[in-house]
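> Below is the structure I would like to discuss, written out as structure tokens.
The values are calculated or read from the model by the stated rules, or taken from the named source; none is laboratory data. Remember, predicted model here, so these are calculated numbers, not experimental data. Neighbour counts run over all protein chains shown; Cβ positions are idealised from the backbone, glycine included. Heavy atoms of the whole protein, side chains included, go into the accessibility calculation; ligands, DNA and RNA do not. Shrake-Rupley method; radii C 1.70, N 1.55, O 1.52, S 1.80 Å.
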Amino acid sequence: MPEFITAWLDRNEIFTAMTLLEYWQGLVNTVQLVFLSLVIGLVVAIPLAILRNSPRWWVSGPVWIYTYLFRGTPLLIQLYIIYYGLAQIPGIQDTFWWNIFREPFYPALLAFTLNTAAYTTEIFRGAIAATPQGEIEAAKAYGMSWFLRLYRIVLPSAARRAVQAYSNEVIFMLHASAIASVVTIVDLTGAARNIYSRFYAPFDAFVAVALIYMALTFLLVFAFRKLENHLLKHQRPAGG
């Protein structure tokens, strides 16, 4: 960091170079946690959404129970249960899993992943179910197998319908990540809480974090708008 910027920041009572670095570390932790949970959750949700659309109850039923549990309970409660409950599993502290889950990041990642996967499963379930039957019949007439129909027709069509709802889920997960600080993770909210306790300036500390969240949300909205325009460009009038 240039010296004149450091000198200017050091004259500020709250937003010094050290506190800005603390905000930066909180931003890195927040982005890392949200990004990993969304990527893993999406990978898990797509096959679950396919199973959820199965006409066989013994296939779709367990997926429905999973999505109902995680959509029907608050994310904060899920985080508490996973964070404190994993330590209560008999014998886990004697296994290599304890070296992973004793760190607060991984229980939080597991809770966030299971939560977003449940919501994303239902988003894609509805999008898959809304696939026009004519497209499927045309693919069958062309001789496509079930897997080929799924890969070439159903999933691309469902992705175009699901992108708007999924963008809301991504923004929700970004905002919901603020609760990660309750299990000692220094995310953006945790950094603001530390700065507030140090300087007794809640307005300054939390308004700064609110502005950072707003900037991240703007970037996500912009990115999904570009993605939506790309996926739906075939619907624009010719020459438009």
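> Output the helices (runs of 4 or more DSSP H) that fall wholly within the stretch 1-108 and possess 2 or more residues being of a type outside the set (S, T, N, Q) and at pLDDT 90 or above, or say none.
Numbers: elements: 3-10, 17-52, 57-72, 75-85, 97-101.
Where helices (runs of 4 or more DSSP H) fall fully within the stretch 1-108 and carry at least 2 residues being of a type outside the set (S, T, N, Q) and at pLDDT 90 or above, they are 17-52, 57-72, 75-85.
> Take the residues of the stretch 71-102 that are charged (D, E, K, R) and touching a helix residue (DSSP H, G or I) at 6+ places or on another chain (Cβ under 9 Å): which is most open to solvent (accessible area, probe 1.4 Å)?
Selected residue: Arg102.
> Looking at Ala108, Ala127, which one is closer than 19 Å to Gly41 by Cα, among the small types (Gly, Ala, Ser) and in contact with a Phe, Trp or Tyr (Cβ under 8 Å, 6 or more places away or on another chain)?
Ala108
> Among Phe112, Phe105, which is aromatic (Phe, Trp, Tyr), touching a residue at least 40 places away in the same chain (Cβ under 8 Å) and open to solvent by less than 30 Å² (accessible area, probe 1.4 Å)? Lay out the reasoning, then the answer.
Values: Phe105 fails: open to solvent by less than 30 Å² (accessible area, probe 1.4 Å).
Just a single option satisfies the conditions, and that option is Phe112.
> A further question on this structure: List the pairs whose first member sits in the stretch 180-195 and is within 20 Å of Ala111 (Cβ to Cβ) and free of Cβ contacts under 8 Å to residues at least 40 places away in the same chain, whose second member is among the small types (Gly, Ala, Ser) and part of a helix (DSSP H, G or I), and whose Cβ atoms are under 6 Å apart, counting only residues at least 6 apart or on separate chains?
From the stretch 180-195, the pairs are Ser181/Gly190.
> In addition: If I filter the stretch 166-197 down to residues being of a type in the set (S, T, N, Q) and assigned to a helix (DSSP H, G or I), which single residue comes out as least open to solvent (accessible area, probe 1.4 Å)?
Ser177
> If you don't mind, another one. Could you say whether any residue in the stretch 142-157 is crowded, with 19+ Cβ neighbours inside 10 Å and within 30 Å of Leu27 (Cβ to Cβ)?
No: the stretch 142-157 contains no residue that is crowded, with 19+ Cβ neighbours inside 10 Å and within 30 Å of Leu27 (Cβ to Cβ).
> Let me confirm something: among Val154, Val163, Val207, which residue is modelled with pLDDT of 90 or more, more than 22 Å from Ala118 (Cβ to Cβ) and in a helix (DSSP H, G or I)?
Working: Val154 fails: more than 22 Å from Ala118 (Cβ to Cβ); Val163 fails: more than 22 Å from Ala118 (Cβ to Cβ).
The conditions single out Val207.
> Mind listing just one residue for me: the one in the stretch 183-192 that is more than 17 Å from the chain's Cα centre (by Cα) and over 17 Å from Pro202 (Cα atoms) and, of those, modelled with the highest pLDDT?
Among those residues, the one meeting the criterion is Val183.
> Restricting to the stretch 17-55, and then to whatever is open to solvent by less than 70 Å² (accessible area, probe 1.4 Å) and among the polar types (S, T, N, Q), can you tell me which residue is nearest to Asn115 (Cα to Cα)?
Here the residue is Ser37.
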